[in-house]
Every structure is written in C-alpha cells, then in structure tokens.
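Single-structure report; data block below.
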Amino acid sequence: MKIYKYLLLGFLVFAGISCEDQLELEPQQSVSTDAAFETLKDFENAVLGMYEGMQDQLYYGRNYPALGDASSDNGQIPDGAGARLTVFYTMALNPINTTGGGWERMYNVISRSNNIINRIDGLSTATEAERNQVKGEALFVRALVHFDLVRQFAQDYNFTSDQSHLGVPYIEVTEIGEPERNTVGEVYSNVLRDLNEAESLMGNTTSQEADQASKMAAVALRARLKLYMGDFSGALTDANNVIDNGGYSLANYMLMVDDDNDPSTPDVVDLDNIDSWSSPNPTSESIFELETSVTDQEFPGLEGLASIYQRDDGYGDLGPSLDIINLYDADDVRQSWYLNVAGVWFVEKYPGQGGNSQWFTTPILRLSEMVLIKAECHARLNQNTEAQTAINEITSRANAPAINSTGADLLADILEERRRELAFEGHRYFDLKRLQEDIVRNDCNLTNGNCLIPYGNRLFTYPIPQAETDANPNMIQDEGWRN
Amino acid sequence: MKKFLLFFFVLFVFIGTSNVHAQERTVTGKVTSVDDGAALPGVNVVLKGTSTGTVTDIDGNYTISIPSGNATLVFSFIGLTSEEVEIGSRSIVDLQMTSDVTQLSEVVVVGYGQTEKKKLTGAVETVTAEKFEQVPVPSFENILQGNVAGLNVQSTSGQPGGATNVRLRGIGSINAGSAPLYVLDGVPINIGDLTRAAETSNVLASLNPNDIESLTVLKDASAAAIYGSRAANGVILITTKRGKPGKTKFNFRTQHGVSSRGDDSFDVMTASQFTEYMREAVVNSGGDPDDPTSAGTYFPIVADTVDTDWLDLAFQDGSLQSYELNASGGDEKTRFFASVAYLDQEGIAVQTALERLSTRFNIDHSANDKLTFGINAGISNAKQLSRYGAGTSFGDPLYGGMFLSPLYPVFASEEQIAAGDDRGTGFNFNTPGFANHNIVATQALSSNETNTFRITGKIYMNYDILPGLTFNNSLGLDMVRLTEEEWTSQNHTDGVNDGGVVQVVATQNADYVLTNTLNYTKTFSDVHNLSILIGNEYQNAIRESVDVEGNNFPSDKLRTVNSAAIAGDFGAFGTEWAIWGLFSRLNYNYANKYFFDASLRRDGSSRFGANKRFATFWSVGGGYSISEEPFMDNISAITNLKLRSSYGTSGNQDINNFESRGLYQFGSYHGQPTSRPTQLDNPDLTWEESVQFNVGLDFSLFSDRLSGTVDYYNRTTSEMLLDVGISRTSGFGEITQNRGEMVNKGWEVTLNSVNAVLGDFTWGTSFNIAFNDNEITELPGGEDIVDGNTILREGEAVNAWFLPIYAGVNPADGAPMWYDEDGNIVFAYGDADRQIVGQPFADFFGGLTNTFEYKGLSLSVFFFFNQGNDVRRTVSQFINSDGSRFGRNQSTEQLRRWQQPGDITDVPIIKRNNTDQGNSASTRQLHDGSFIRLRNVTLAYNLPQSLVSKARLSNVRVYAQGQNLLTWTKYPGLDPETGIQGVDFGLYPQPRAWTVGIDIGF
C-alpha cells in the first residue's frame, strides 16, 4: 500500500525535525541565573551588585539611614516638605503602608549575597584567595542586612533576657518559601557567625576605596553588633582592633578656608570638606561606605539621601529638630552640618559630589563610630581615663568642649556626644532602642501622641509588612502589631 | 536551521523519485453556460476521487491527463451546479453547466486549508472583499466592526493609522494578551503597536485592505484549535487576492474625501465664561479677584480682547486621497495578482497624517499537473505623523487644546517680539501654568514621524504525491522595520534648553515561519468522505531596536543626530521567541449529512518554563445537516438547516519572552559593572488554557430569502497567568503563576434577508448582534485584586470599575458628597467607600446594514451599535476640577456649578485650589458608553454595461459615501468609542468623513 508508505515517510520527516533545541533561546539583555556565575569576573560583578542593591532609595540610598533619625528625637519635618519620609517621623506606622519596600529590598540584597555564597565554592577557575575575598564580602553583606532587618523589625537584643523574642528569618538559601521568624538571639548569633567567617576569609585588610567590604569592615561591624548585645569588652576589643590596625585616622573637621581672599576677615569652615561625603574619594576614616559615580546607571539620584535633606539642591523632606540643633556648643564646627533658611533648618551633611546632590556617599562604618564605641565601652567598664581620652578625640576635632566627667555622667556625656557626631547617619532610633530609653521629642508638634514614645511601645519595632504576612502564613506579626 | 535545510533536501529527493506516472491519456473539451452559451473560464475539472485537476481557460477549454480506463470528471464552479460526467473512452468531453441559485457550498478558508462552508462544524465567519473595498479606512480590521457577530473592534484613536483593539467573544485573559491571532495567507503576522515612542500606531495599517480577498474569523475550538497555543482568543485568517486564468483584468480606483470633527457636545469655556468662572473661584476661596496676589500667577488679567479657542485650533479639516491599480489574470500554468496603491490621509487633529505606498505580487505557477509553487509578497511603506507629547504634555494639541487658558494669545505681542521672547517664531510662549506651551507653536516647531516598512510574504509549493494526497511546504516572512523620529526645535519650549532635540528609534521585527502539511482526501463507497491533515510549523520571531538622541543643533534645518553638538541618551536591545508545533486534523462526513471532525496540536514555546514547555490542544466537532434528510424534502420553506457543535481546548502564550527564567541583569556601582537578579526562576510557568463549547444552527428559509446563524458559546479560561504575592524573603514580591479562572459565555445571531424584490428593485438587510457575559470564577485565595480604579473579584466581570459613588452636591453649601458602602451620604472623600459600579465592556453590540438596489444604483446604510459599557472620562478630573486646577480651562459642563444655597446641580461650588476632592476618582467621571453610530452610507452607481462596453471598459462604478455621519449617545466626551479599556483621557475622536470614488475595470 503505497499511500501508507508515504504517510509513514511523511510522519518520520515531521518527527525528525523536532525543534526542541530551537526553543532554547537565551535573552540578550540579561542572562539566566546560572549563566551569571561562570567566571571570577561574574562573581565580582555580583559582589558589586550587592552594593548597588544596598544603594537603592528603599535602603541605604535613603530610607534606612533617614528613618534612623526621623523616628527619633533628631528629626523634624520642615515646612513645605514632600511626603517621602513623613511617616517615618510621625510614626503613624501600619503594616500596609510603611515598610514593604524596604523589607523586600533588604531580602533582595540578601538573595544577591546568597547566590554568591552558595555558588562560589564550585568555581575552580579562581584561586582560593580570590574565592575567599568574594565569599567574605558576600558574608559581610548578608550579616549586615540581617542585622539591619533585626534592628528595624524586632525589639532590641535584651528585650527578653534570653533573646527568645521574634527576630526575622535568617535566609541562607534564597528560594520561594514560607520561612518562620528566627528569634533575635538566633539572628544575632548567625550575624556573628557570618562576620567571623567573613573576617577570616577576606584578604583585604582594608578597602582602599572603602566602597567594598574588607576584613576591618567585618571587625568594625562586629564591634557595633557586640555593643548592641551589651558585650562591652568584646565590642572594645573589636573597636580597638580597627583603631589600632586599620590604618584609619579621624578626618579633619577644622579645615578652614579663606572665603574672600581678604586676610583681614576671619576664615570660614570649608563646608565642602568638613564632612566625609562630598568628594568622590573616601576620607581617611571611611571603613565602609556606598559610593556613586556620575557614570552609574543605577542610583537613587534626586530621590537619594543628599537630595532628601537639602532644600537648596533637593527636596528637603526631613530636617533636624531643635532638640539636636541646640545640642551643639556655639563653637562646635559640626553646626555647619545644618543650614537655617528663613527660619527653617535643613541637614547639609551630604552636599553631594561637587555640590550636586544626585551623587553622594552613604557612610555605613567609619572610624569615629569605633572611637565612640571605645569610649562608651571604657565608661561602662568604669575605665574613666581611657573613656575620657577616647571621647575627647571626637570633641577636640570638632572644637567642642572637652568631656571631663566620670561615672554615670561620663557615660551620659559620651552617649550625647555620640548623638552629636553620628546625627543623620541613621543611628539614633536604634541607639535609643538598645539603650532602652524613651523617645522624647521636645521640638514636636505631632498630635498623634508620638512626641513621647515610651520604651517597650510597639513603635520600637516596625511592623512586618502585610503583604509578607499575607503571602507567608508562617510569618507571625509582632505582638503589638497584631489586630 | 541546519535541520531545516536537511529536511528540504530530503523532501526534494522524495519528490523527485516519487514522480512515477501510470500510463496516461488526454481528455479535452469546452465548458459553456447553458443560459447564453458563453464560454466559462475558471471551471474546476477534477478527476473524481483524486486531486488531479485543472481549470478551464479564458475560452472555456480544458485539457486534462488521466489514467487510461474509465473515469469520471467532476466539473465545478461557484454559482453553478456541479456535474459529474462519465467519460468512458471519449477524448473530447464538452459540457454545458447550469447556474445554481441555491448553492450554499461556498468555499471558506480554514486553518491550513479550505473547505466548503456546509462541511463546517465550527463557528466560522467570512467577510469578503466587496464589504470593504471602498471603505476609506487605513486598516482592515476596522472594517470588521459590526460585520462579524461577536468580534468587538474598537478604535482607540481617530489618528490615521492608530491602534485598534480587537476582542473575540469577550476578554479572554487578564494579564496575557487578549487579541486574536492574525494569519496572512498562512503566515502568522505581527499585530498591534510595535513602536516604542509613538503614541498610537497600528502595524496592520501598513497592509492595503484592497489587496485582501477575504477575512475569515475562526471563533470556536473546532475552527481554531488547530492553531493550538495561540488560538485562545480566536484566529483571523487574511486571504489576499490571487489571479484566475483568463483575460488579464485591470482595475483602477481612486478616492477623494474630506473629514472633520463630528457633532459631539464637548466644549471648553470662552474667555468671558472663563474669566467669570475663575473670578468666582477666587471670591469663593475668600480672595479678591482684582488683587493679583490672591488671583495668582496662573490667572493673569490679560486684555479682554483675547479669546483664544485652543480646542478649535487643535482640529483641522482632514482629507483623504487614494489611487490604486491592480491587475490579475494568467493561464492554466501561471496566475498572478499585482497591485500598487497610494493613500494619503490627513487627520482631523493637527499634526496627524498617514501616507502609505504599498504593492503586492501573488504569483502561482503549476509546473505540471502535480507541482504548483508560488510566491506572495506584499511590500509597503507607511509614514505616520503623530501629535507631539500626546496625552502627556501641554504642548500636545488635544491635551493643550483642552487646558490652555483662553486668555492667552496665540501670537506674541510687538513688545514680546521686540524683546525676543518669541525666539524669532512670532508665537506667544508666555503661558505660565502650562510649562510655556503653545499648541500652535508646537505644530510648527516639532514633528513626530513613524515610518513602517513592511514585507509580508511567503514562498510555497504544493505537490500532489498521489491522487488525494497533497504535500504543502511554505516558508513565510513578516519583516517590519520601524523608524520613529521625533524632532523638537531649538525654539520649542521643550527644546530651547537643549538647543533642539532629535530622538530616533529604529526597531526591526522579523518573523520566520516554516510550515509543512500533508493532506489526504478520499471518498469510500461514495458516502464516506474522509480528509486527514498532518503538519508541523516552526516560527521564530526576533525583535531588535536601537535608539539615539542628539541635542544642541546648529539650526532647525538640520534634523539628523549627526548634526547634533551633544550626544544624548542611547540604547539597544534584542529579544526573540520561538514556537514549534505538530498538528493533525481529521474530517469525516457521511453523505454530506453527518459531519465529524477532530484536531490535535502539540506546541512547544520558548516562553514557558522548562517543566511545562510543551502542551497538547485538541477539539472535536460534529454537524448534522437536517435539511439533507429525506423527510425534509416536503418542507419547501427550509432550504438549509444544519445543527453543529464543538468542544475543545486552545492556549494563550502571549506573555513576555523570558518570563519563566531566573534572570540576571547588569548595571553599575561606583563606575564598575554589576549584576543583579531581576526575575525569579519560574519553571512551572505555562499556557493559559481555554476550553470552549459551541453550539450553532445555520438556516436558510423561503428560497434563501432569509438565512442566518445562531451560536451559543461558553469559553472558560483557566490556568490564568496572574501575579501572585510570595514571601519577600525570596527577594521579590510576586511571581507570575497559572492561577485563576474566567468564563465568557454568550450568544451570537447573524441574519441576512431579502426583504423586497419588486421588479428591478431589491432591499436586503443584514444584521448581527452578540451578547457576552464575562465572569471571574477563581482568583488566587479568592482575594480581590485592586488595580487603581478597577478590581478583579470573583463573581464579577474582569476589570470592573471600583469607584466611590458620587452623591452630587449638597444644596446647602455646594460641597460634593459621596456614599459609603452602607449607602449613607458622606461629606469627605476619605469617608466614601469604593464599590463596583460598572464595567468597561459592552453587554451587546452589533451591526445593521440595509442595502437598496435599483438597476445599477445601490444605497447601503450601515449602523453600528454598542450597549451597556461604562466609560471613565478621566480627563474630567482636570477639566471638571471645580477650581482645583485653577487657571486651566474647564469643560462648559462647569457652567452649571452650584452658586447659591438651594441650587440643585451635580457640579460643586468652585474654589481656587479647591481641596474638596469633588474631582477625585468617583462615578462623577463614569458615563454610559452606549452608542449607535451611522457608520457608513454608500450611494453607488454601476454604469450600464452598454455604455461601459463602448468605452472598452468592463465595469465602471462611481460612488459617494459618508463615514460616522451620526452618533446617538449620552456620552458627554469627544467620542464614546474609547477602546477596550474604557478610559477617556481626552481622546482623539473618530472623524466624520465624506468620500467620493470611482472604480474602473478594463
């Protein structure tokens, strides 16, 4: 039967050109996840991709450092401000509106680090030292972001004596899952473990540019972590390690310039050099910071930290309260971090590169914080002289009155100096929390009762976003935020 | 490609060796008409039971080679009764054929083939060339509006060459595409708006509608499932004209027309209305209208001599001219169709036009009685002009036309010119509050041009391997090259800071389609008619694009980026997808009375996840020609009655190209390259599946005076692609999953009648109507999905309007009021509750055409109607702003505002910088979008044959027609025809057009 022969032949021809291979297409602007991790260069791109992710306006590019001051007694909403940061200040928080973006963004950065950590060991084409540096940086970032998450979305470390209260899920393998919240104790011990491993792996003692993590960055972060845990001798050891071995030196705040070429008038403080964050280069005390170049494709730009504080070259959405303004001595050069325009105060700590607020640097770890940790730990360990010596490195640089008190007064003075020095770098809310102090806002006209937030109030944690608890039944909302 | 080349090689060897002939003899003859004895060209002459055949030439002669021995020849021609002639040993067989007025067996194009209409079990509707040959619209799918039951065709803009939304039997998907698959002469083609910058553009407008012979809409599973993973939203088959053997026929046609804005009721205020209105707004907010500080900078008191009607300046008189010449003909061996056409259309909004030059060649050659091959090629270039900054800038003629203050003059004053404020253009740029835009200046100082160069075509070959067994192979191509150029003069408000801006986007879409089919047809025992098709198809679609920008030009005369002093943004990207399918179809009928068919298709798509890349689609259909039963012979009123039904599945793969992949993209950090995840791996992502049931009845009564079709369908889309929230600990907020289900069900009725025949006068009517009911039946977790002012909710129609209900104006103080969900009146917008208040899709729509003919004169009147949809006139939030958009011109509807206690009105008190939120999204902006439109009236005259013959012509037709002459609607905007989304943000209305034309055949 001829016909059937032909039909059969026809079918064979059809079947023979199965086009399964033709359906394996690859995108051109992106690559599949596995293809993104084939060479050392791929991994190094991914490492830089973590920092780029942290630079997002939902995280270090704006919101995270801003909320650290907005949600404390440092912040105030200036007249005529936009609404970008208002909720962080009013603390009219709810699970729906406030924190979803930052929460997701932070876990996105964690996914970037996990994709590196869980693949790097199989990279046979790189040396062990190269692999270790990559993995160390990724571990550092994973530790930092989880630490930031637990600082924002959980009560402080010593809220319960055994740290059994709810923290955040510590994600070591990124996948679509329904993870439960780890306890705060577990999160801190995981952060500590990752930092220890990061310190041991990283070959770079310091990062020349401070724009990437280094061994010293891991030690510095661990100093902060131990301070938060109340492990003051441990924190002191790490802070001293950075101070003594990091090769950093405190930046010079006293740089005066002749503003008018007239020797008869007094010189003024050089605003563009007083701070660490206006030049494209790191200062002598930068340990780890996020930096921008004018050629970068992805950065917050005008939505970023620099623009959000200034009004003359930006939005001026968050300003300083009079509480913090009045805290500086009349001769303190750090007053030039603030600018009064027609009776309204703005933060000028981030003028941006060459005065352009689109490009700026976000400080995360710097030597001054290590010196402040050193002073605080000495004071807590009743080592008054050592504490005074350390804290007066900070005061003398700022042309502020020296601190000579002792005992409890000394500790209080050191903490006040810490507030002055680290203002608008995102520390104050978290410091008040670890110190278990009330948030007392004197320069405050809020009508929602949030001028005084007593310690232990639910506002000492941000609520887990509703979208998260909706999608993940294992994600338990913090007690104060349950309906 | 290697595999394909190998395949071709195998194929040709296969064909070359199979050409074994049995002993043959030749039969010749002449076919004439029984009526007048004239020769009949083009009659099919087929050896019965085989596909061996030929067609008669211009003189009615034919020659056919048949195997020796007895045989039967079948003679057939549309409109004539088929004859079967036993030829015995004769070598000359002449035949006289009779016309068959009742013949219904018209041939319709179906997927991968054609069939007789009477054999269909599916819902298929065909629109032939005479329906649209003279209609002056640039894109053919607009002609389908109101002519195919169930096919909802909505223009989104009156822009010549603008986009059109086409939806068959309701909205089939939420997040994937809902447009049908378009297949041009067997090649699936690109549709929609492929531009990146233009406001609206329709790539189908690059095809000349007059090259099309017929459009066939495949509605149900039986008809469409053979297209598998792309058939869920229906299939539209486009068949272009082909030559027939015979004398070469020439056709020349030309059209000339004018168009203008229709009689809509929409207007904005004059200067005196505006002044009074704004002064009242200042007073109501406690200010002094004569005090400049309280009146504000947006309300300059200009000399009262100025009264600029900006909206009027946005419109112009449109025009249309077209010229077309085509030729068709050939002989038994070679047939051809060739056309060249030119269209030049000016839109009714300034800055809009379409100019198209197109040509087509379709050539078929029969190398011998087994092998036919041919080539189709359509080449066109369409140049579309679009408005500057459409819908986004005050410089846009329509947008600015609505908002610009009538107190601003068009031209600069002498003082301004002396001061150089006009930048040498003579225009007034002092229009604060409108970013210093002037829409008349925009026309002179900017342009936005999209050039679409397109080649559609294929080469094919048909080989009759054995009697009844045919192999077909074709390679199709659809190549679209788009060049978009936007120029902003250095004197234009938006170009002055950059010294002029030129942006160029060049995009190429190239689709290649390779199709092979084997078709076997045989009749057993005279009553068992069997046809089997198997085939495969591979399609690869590649899209690449480059964009560049240049700033700071030495002169407005130079408009290429090369002349720019400063390079601007640039970019480039590429993407592609591929699909491969294996398919089969079986058709069987018993004595042309009982019909059965089944189809099966297995498709693989590059777009879907590795775990779910392949899927199988199928359909079954059955038909029963009741009128073929002997017991029906006595019922003379019924000439045709056929019941048919089908059930089957099809899919929808219309999502982004790499949506199933875990992806990394690249960026930079501190000047160094970075990589980052942008999309999670989604290996289970697969097709949306549509399951459709259809039952239909075809009937023809009273000697075909009344015929029609009724269909009922129920289409369930399941595995719907929805974005589902996931734990953010994955680093992402949502992922696309196959969740969700939606049902569209409805009725379609088509009726054709001959109402009156009085001597030479006939009156005929065709009418169609379609009802569709859409309901979401499942969403992930049963949760509502709210997107702005629309909602997806189980039990409701897709994208139902979700808005607070406006309760009008408080007569006591003129403040706006709303309802909360308990039906209580509330006085603050924040207290109002959003509720489902309507939906953007029509309950029913259809068309009604009446045709009157008397001798050579004919008049056709076509209405389109659309009932039950709600349109959100979002532009009302700005032009009915109650003073919150202080200083911007307002709709004249605002003249009926509340002014004193006791006033009963729906327009609140107006206040400068009003914060009552009366203009916030609510049902105040929601309107009934129902309308009836007198879409087309054509009066035509066919010159008498005696006259035409003297001029050595074959036919001459002159005609005049009007488009969109009348519209009945309650809708208060520029045009109720808003597109499928039902959102009106200052639409470009459909023009009213008058056209005259002449067709000459020779």
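The values are calculated or read from the model by the stated rules, or taken from the named source; none is laboratory data. Predicted model, so just to flag it, every value in this text is computed and none were measured. Quick reminder, even Gly has a Cβ in these numbers, built from the backbone with ideal geometry, and neighbours come from all protein chains shown.
Could you please let me know if B:ASP654 is closer than 25 Å to B:GLU544 by Cβ, of a type outside the set (Phe, Trp, Tyr) and away from chain A (no Cβ under 14 Å)? Spell out the reasoning first.
Details: closer than 25 Å to B:GLU544 by Cβ: yes; of a type outside the set (Phe, Trp, Tyr): yes; away from chain A (no Cβ under 14 Å): yes.
Criteria met by B:ASP654.
If you go through segment B:895-912 and pick out every residue that is loosely packed, with under 15 Cβ neighbours inside 10 Å and either of a type in the set (A, V, I, L, M, F, W, C) or closer than 17 Å to B:MET278 by Cα (or both), you end up with 5.
Of the residues B:LEU663, B:LEU722, which single one is out of contact with any His (no Cβ under 7 Å at 6 or more places or on another chain), within 30 Å of A:TYR170 (Cβ to Cβ), within 14 Å of another protein chain (Cβ to nearest Cβ) and hydrophobic (A, V, I, L, M, F, W, C)? Outline the logic, then answer.
Details: B:LEU722 fails: within 30 Å of A:TYR170 (Cβ to Cβ).
It is B:LEU663.
Scanning segment B:322-339 for residues that are closer than 30 Å to B:ARG387 by Cα and buried (at least 16 other Cβ atoms within 10 Å of the Cβ) gives B:SER322, B:GLU324.
Taking the numbered list (1) over 20 Å from B:TYR227 (Cα atoms); (2) at pLDDT 90 or above in turn, B:TYR460 passes all entries but (1). When the strands (runs of 3 or more DSSP E) confined to segment A:300-386 are screened for residues that are buried (at least 19 other Cβ atoms within 10 Å of the Cβ) and within 19 Å of the chain's Cα centre (by Cα), those reaching at least 1 such residues are found at A:344-347, A:362-366.
Residues checked against (1) within 11 Å of chain B (Cβ to nearest Cβ); (2) modelled with pLDDT under 95; (3) within 30 Å of A:LYS41 (Cβ to Cβ); (4) not in a helix (DSSP H, G or I):
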| site | (1), (2), (3), (4) |
| --- | --- |
| A:GLU137 | no, no, yes, no |
| A:ALA143 | no, no, yes, no |
| A:SER161 | no, yes, no, yes |
| A:ILE176 | yes, yes, yes, yes |
| A:ARG181 | yes, no, no, yes |
| A:GLU186 | no, no, no, no |
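All conditions but one from (1) touching a helix residue (DSSP H, G or I) at 6+ places or on another chain (Cβ under 6 Å); (2) closer than 23 Å to B:TYR463 by Cα; (3) away from chain A (no Cβ under 14 Å) apply to B:ASN587; the one that does not is (1). Filtering segment B:288-312 to residues that are out of contact with any Pro (no Cβ under 7 Å at 6 or more places or on another chain), part of a helix (DSSP H, G or I) and modelled with pLDDT under 85 leaves B:PRO292, B:THR293, B:SER294. Of all residues in segment B:497-505, none are part of a strand (DSSP E or B), within 14 Å of another protein chain (Cβ to nearest Cβ) and surrounded by 20 or more Cβ atoms within 10 Å (Cβ to Cβ).
Note on segment B:755-776: among residues that are modelled with pLDDT of 90 or more and of a type in the set (A, V, I, L, M), the one that is nearest to B:PHE864 (Cα to Cα) is B:ILE769.
If I filter segment B:544-566 down to residues being within 14 Å of chain A (Cβ to nearest Cβ) and not hydroxyl-bearing (Ser, Thr, Tyr), which single residue comes out as farthest from B:PHE524 (Cα to Cα)? Among those that are within 14 Å of chain A (Cβ to nearest Cβ) and not hydroxyl-bearing (Ser, Thr, Tyr), it is B:ASP547. Of everything in segment B:591-612 that is closer than 17 Å to B:ALA578 by Cα and in a strand (DSSP E or B), the residue that is nearest to the other protein chains (Cβ to nearest Cβ) is B:GLY604. The one condition from (1) within 29 Å of the chain's Cα centre (by Cα); (2) in a loop (DSSP other than H, G, I, E, B) that B:SER380 does not meet is (2). Residues of segment B:452-483 that are small (Gly, Ala, Ser), away from chain A (no Cβ under 14 Å) and either in contact with a Lys or Arg (Cβ under 6 Å, 6 or more places away or on another chain) or more than 30 Å from B:VAL504 (Cβ to Cβ) (or both): B:SER474, B:GLY476.
Hey, among the residues in segment B:234-287 that are polar (S, T, N, Q) and assigned to a helix (DSSP H, G or I), which one's surrounded by the fewest Cβ atoms within 10 Å (Cβ to Cβ)? Checking each candidate, the answer is B:SER272. Can you name the residue in segment B:318-353 that is of a type in the set (Val, Ile, Thr) and in a strand (DSSP E or B) and is also farthest from B:ILE1000 (Cα to Cα) among such residues? The residue in question is B:THR334.
Determine which member of the set B:THR488, B:THR456, B:THR493 is among the polar types (S, T, N, Q), buried (at least 21 other Cβ atoms within 10 Å of the Cβ) and out of contact with any strand residue (DSSP E or B) (no Cβ under 8 Å at 6 or more places or on another chain).
Values: B:THR488 fails: out of contact with any strand residue (DSSP E or B) (no Cβ under 8 Å at 6 or more places or on another chain); B:THR456 fails: out of contact with any strand residue (DSSP E or B) (no Cβ under 8 Å at 6 or more places or on another chain).
When all the criteria are applied, what remains is B:THR493.
Within segment B:627-644, the set of residues being within 36 Å of the chain's Cα centre (by Cα) and either surrounded by fewer than 20 Cβ atoms within 10 Å (Cβ to Cβ) or within 14 Å of chain A (Cβ to nearest Cβ) (or both) comprises B:THR639, B:ASN640, B:LEU641, B:LEU643.
Out of the residues in segment B:725-755 that are away from chain A (no Cβ under 14 Å) and aliphatic (A, V, I, L, M), state the one that is nearest to B:ASP787 (Cα to Cα). If you could, list the steps in order and put the result at the bottom.
Taking segment B:725-755 and keeping what is away from chain A (no Cβ under 14 Å), we get B:738, B:740-755.
Retained after the next criterion (residues that are aliphatic (A, V, I, L, M)): B:742-743, B:749, B:751, B:754.
Values: B:MET742: 18, B:VAL743: 20, B:VAL749: 35, B:LEU751: 40, B:VAL754: 49 Å.
Result: B:MET742.
Just to confirm my filter: which helices (runs of 4 or more DSSP H) fall fully inside segment A:1-75 and include at least 1 residues that are at pLDDT below 90, in contact with a strand residue (DSSP E or B) (Cβ under 7 Å, 6 or more places away or on another chain) and facing chain B (nearest Cβ under 8 Å)?
It comes to A:2-16.
Scanning segment B:825-842 for residues that are part of a strand (DSSP E or B) and modelled with pLDDT under 90 gives a single hit, B:ARG834. Only one of the numbered conditions (1) basic (Lys, Arg); (2) within 13 Å of chain B (Cβ to nearest Cβ); (3) surrounded by fewer than 20 Cβ atoms within 10 Å (Cβ to Cβ) is violated by A:ARG131, and that is (2). Here B:ALA197 passes the criteria (1) modelled with pLDDT under 85; (2) in contact with a Leu (Cβ under 7 Å, 6 or more places away or on another chain); (3) hydrophobic (A, V, I, L, M, F, W, C) except the one numbered (2).
For the structure I just gave you, tell me whether B:LEU514 is within 14 Å of chain A (Cβ to nearest Cβ), out of contact with any Lys or Arg (no Cβ under 7 Å at 6 or more places or on another chain) and under 21 Å from B:ARG585 (Cα atoms). Spelling it out, B:LEU514 is indeed within 14 Å of chain A (Cβ to nearest Cβ), out of contact with any Lys or Arg (no Cβ under 7 Å at 6 or more places or on another chain) and under 21 Å from B:ARG585 (Cα atoms).
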